[in-house]
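Down below is the structure, laid out as structure tokens.
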Amino acid sequence: MDFLDRYRDIVPDWEAFRAIQSRPLYSSARINTLKIEREVLLERLTEEAVPYRRFDWYPLGLKIDVESPGKLVENLLGHIHIQEELSMVPPLVLGPIPGENILDLCASPGSKTTQISAMMENRGLVIANEPSLARVAALRSNCERLGAMNVAITRYDGRNFPRGSFDRVLVDAPCSAEGRERRGPGVLERSNCKRSLDLSVLQIGLLKNALRLTKPGGVVVYSTCTYAPEENEMVVSAALNEIAKTNESDEAEEPTKAHLERVVIPGLQECPGISEWNGRDLGREMSLSARYYPHMNDTGGFFVAKIIKS
Amino acid sequence: MSQRSSRVRNVFLPLEPAAVAELWDSRFGIPAEAFSGYRFFKKANSIWAISDVELPRLSYEAIGMRIMNCKDRPWKPTTAALQVFGKYAARNLVHLDADSARIFLEGKSQEVGEAAAMECEPGYVVVFYRGEILGCGLYSHGLLVSQIPKERRLASRGE
């Protein structure tokens with residue numbers, strides 16, 4: 001687990017951060033308002049003596065203390081969806097509005113896709129993109145179980161997703177998943193800086209295309225469940241720099257500009273994104289993004305950046 | 001599978017909502033208005049429904065929810081579709097009590113009394129428990145065969 005040591009200077013309260021890695025994460029679920037009202041669902045859980053606690057920060061989030069929450073009848077009927085606590089953050093930052101056109105570029109297994117669909121009350125359109133056929137099966141199954149009726153699935157390589165003019169695009173990128181250690185130890189053993197740098201090439205490509213596919217004034221949310229700055233702030237910084245450069249070389253096109261907006265979720269404690277890493281300046285703007293560490297909210301780890309296309 | 005057949009497989013052809021509504025009306029007595037907020041597509045033997053929106057020109061793997069399978073006669077509604085549209089159904093409904101609901105969710109067949117399956121014609125039925133839709137069943141001569149997909153079944157007690 002010593003790979004985490006390279007984050008010693010950026011993570012506050014280092015000892016607590018190290019200590020919590022070996023503590024398993026509780027199960028959590030999101031109430032699916034497409035199929036049931038929150039109060040009715042809570043009554044059902046009480047009736048069936050399913051022990052739960054509500055999230056402090058999100059009315060639809062529940063911590064559920066049972067061994068196999070996926071086998072609960074409420075989950076099988078699509079009244080709840082088993083979803084990690086922080087995984088509910090990116091759709092809230094994205095802020096979809098009923099009737100809009102949304103692209104979820106890396107969608108499977110569809111936890112965030114279906115949360116977006118529920119926020120839109122099944123109105124408007126969510127394009128859920130997932131290149132892998134095997135992973136599309138889980139995505140489809142979750143959309144159908146949860147009653148998401150405004151989702152269409154495509155299978156493009158996200159870097160080459162061909163066209164569109166979306167109000168909002170979510171890039172929940174493939175990542176080294178260091179923030180998932182509490183869900184299944186072993187993630188960190190596979191982590192290393194080279195792997196993060198390899199992934200960042202893909203991540204930058206995804207984010208650049210997402211920015212291209214967004215309407216002026218639209219929102220792009222970039223998220224990962226990892227700590228590596230190579231996959232987080234460095235990706236956002238590189239993508240913003242590269243789209244600005246593309247414009248300079250192509251005089252025919254209007255310049256594409258984009259800026260970050262601060263990510264804050266009331267009730268969740270975040271750390272600002274880092275502006276410098278290993279002596280490299282990433283731009284002060286990166287502090288507007290949010291880093292979520294497991295020991296600060298008793299969760300997994302996550303990174304979220306909100307980008308507005310000008 | 002050849003390239004050609006996989007291309008054919010992936011073609012979604014638009015369908016008139018009225019054509020879909022008529023099928024659901026004749027089996028379940030669901031009024032056509034229940035389908036007015038959706039668009040329908042046919043792909044191979046399946047019919048799909050999505051909220052009524054303009055779809056951008058893309059190559060789709062799935063458009064909304066697969067609501068019916070028309071491979072065999074009679075056509076079969078999916079459990080997911082019944083959970084959306086079944087609440088408007090006026091006939092071919094089965095109401096279960098707690099114990100039989102559990103058996104149904106475990107994917108098992110069971111005898112159901114006449115009171116539970118009032119005036120059901122043989123064929124696919126909407127299965128309810130305390131006013132809520134559990135999914136699709138196949139009813140014939142007092143026997144209810146659960147059509148709950150395997151991955152959505154409750155584990156049997158004692159297993």
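The values are calculated or read from the model by the stated rules, or taken from the named source; none is laboratory data. Predicted model, so just to flag it, every value in this text is computed and none were measured. A quick note on method: Cβ atoms are made from the backbone with ideal geometry, for glycine too, and the neighbour counts reach across all protein chains shown.
Looking only at the stretch A:221-238, decide whether some residue is surrounded by 13 or more Cβ atoms within 10 Å (Cβ to Cβ), among the aromatic types (F, W, Y) and farther than 28 Å from A:P109 by Cα.
Taking every residue of the stretch A:221-238 in turn, none turns out to be surrounded by 13 or more Cβ atoms within 10 Å (Cβ to Cβ), among the aromatic types (F, W, Y) and farther than 28 Å from A:P109 by Cα.
Which condition number in (1) touching a Pro at 6+ places or on another chain (Cβ under 7 Å); (2) at pLDDT below 95 is the one that A:E48 fails?
Failed condition: (1).
When the stretch A:291-303 is examined, which residues are found to be hydrophobic (A, V, I, L, M, F, W, C) and crowded, with 24+ Cβ neighbours inside 10 Å?
Result: A:F302, A:F303.
Can you say whether A:P98 is under 25 Å from A:E261 (Cβ atoms), surrounded by fewer than 18 Cβ atoms within 10 Å (Cβ to Cβ), assigned by TED's automatic domain parsing to the domain that holds A:E233 and of a type outside the set (D, E), as far as the supplied structure shows?
yes
For A:I82, which of the numbered conditions (1) crowded, with 22+ Cβ neighbours inside 10 Å; (2) of a type in the set (V, I, T); (3) away from chain B (no Cβ under 13 Å) fails to hold?
(1)
Restricting attention to the stretch A:265-288, report how many residues are aliphatic (A, V, I, L, M), touching a residue at least 40 places away in the same chain (Cβ under 8 Å) and in contact with an Asp or Glu (Cβ under 9 Å, 6 or more places away or on another chain).
Counting residues in the stretch A:265-288 that are aliphatic (A, V, I, L, M), touching a residue at least 40 places away in the same chain (Cβ under 8 Å) and in contact with an Asp or Glu (Cβ under 9 Å, 6 or more places away or on another chain) gives 4.
Of the residues that make up the stretch B:76-89, is at least one modelled with pLDDT of 95 or more and more than 23 Å from A:L146 (Cβ to Cβ)?
no
So which residues in the stretch A:104-132 are in a helix (DSSP H, G or I) and among the small types (G, A, S), if there are any at all?
A:S111, A:S117, A:A118
Checking A:L139 against (1) under 18 Å from the mean Cα position of the chain (by Cα); (2) aliphatic (A, V, I, L, M); (3) more than 14 Å from chain B (Cβ to nearest Cβ), which test does it fail?
(3)
Limited to the stretch A:56-73, what total is found for residues that are away from chain B (no Cβ under 11 Å), under 15 Å from A:S27 (Cα atoms) and either touching a helix residue (DSSP H, G or I) at 6+ places or on another chain (Cβ under 7 Å) or not charged (D, E, K, R) (or both)?
6
How many residues does the stretch A:152-179 hold that are within 14 Å of another protein chain (Cβ to nearest Cβ), touching a residue at least 40 places away in the same chain (Cβ under 8 Å), among the hydrophobic types (A, V, I, L, M, F, W, C) and under 29 Å from A:T33 (Cα atoms)?
Residues that pass the stated criteria total 3.
Which ones in the stretch A:51-71 are without any contact (Cβ under 8 Å) to a residue 24 or more places away in the chain and crowded, with 18+ Cβ neighbours inside 10 Å?
Selection gives A:Y52 alone.
Looking at A:D198, is it under 28 Å from A:G283 (Cβ atoms), free of Cβ contacts under 8 Å to residues at least 24 places away in the same chain, away from chain B (no Cβ under 14 Å) and not basic (K, R)?
yes
Among the residues of the stretch B:23-35, write down those that are touching a helix residue (DSSP H, G or I) at 6+ places or on another chain (Cβ under 8 Å) and part of a helix (DSSP H, G or I).
B:W24, B:D25, B:F28, B:A32, B:A34, B:F35
Any residue at all in the stretch B:27-34 that's in contact (Cβ under 8 Å) with a residue 40 or more places away in the chain, surrounded by fewer than 16 Cβ atoms within 10 Å (Cβ to Cβ) and away from every other protein chain (no Cβ under 14 Å)?
yes
Return the total of residues in the stretch B:97-149 being acidic (D, E), modelled with pLDDT of 95 or more and under 18 Å from A:R145 (Cα atoms).
Number satisfying all stated conditions: 1.
Within the stretch B:45-82, how many residues are at the interface with another protein chain (Cβ under 7 Å from one of its Cβ atoms), in a loop (DSSP other than H, G, I, E, B) and not β-branched (V, I, T)?
Residues meeting the conditions: 5.
Quick check, is A:M286 surrounded by 20 or more Cβ atoms within 10 Å (Cβ to Cβ) and among the hydrophobic types (A, V, I, L, M, F, W, C)?
For A:M286, the condition - surrounded by 20 or more Cβ atoms within 10 Å (Cβ to Cβ) and among the hydrophobic types (A, V, I, L, M, F, W, C) - is met.
What is the residue count in the stretch A:32-81 for residues that are touching a Leu at 6+ places or on another chain (Cβ under 8 Å) and among the polar types (S, T, N, Q)?
Final tally of qualifying residues: 2.
On the basis of being aliphatic (A, V, I, L, M), more than 19 Å from A:A152 (Cβ to Cβ) and not assigned by TED's automatic domain parsing to the domain that holds B:L23, does B:L82 make the cut?
For B:L82, the condition - aliphatic (A, V, I, L, M), more than 19 Å from A:A152 (Cβ to Cβ) and not assigned by TED's automatic domain parsing to the domain that holds B:L23 - is not met.
If we scan the stretch B:108-115, do we find a residue that is among the hydrophobic types (A, V, I, L, M, F, W, C) and within 14 Å of chain A (Cβ to nearest Cβ)?
The answer is no, given that none of the residues of the stretch B:108-115 is among the hydrophobic types (A, V, I, L, M, F, W, C) and within 14 Å of chain A (Cβ to nearest Cβ).
Could you tell me whether any residue of the stretch B:116-127 is outside any loop (DSSP other than H, G, I, E, B), out of contact with any Ser or Thr (no Cβ under 9 Å at 6 or more places or on another chain) and within 11 Å of chain A (Cβ to nearest Cβ)?
No, the stretch B:116-127 contains no residue that is outside any loop (DSSP other than H, G, I, E, B), out of contact with any Ser or Thr (no Cβ under 9 Å at 6 or more places or on another chain) and within 11 Å of chain A (Cβ to nearest Cβ).
Please work out if B:V127 is aliphatic (A, V, I, L, M), touching a strand residue (DSSP E or B) at 6+ places or on another chain (Cβ under 6 Å) and closer than 19 Å to A:E74 by Cβ.
Here the answer is yes, as B:V127 does meet what is asked.
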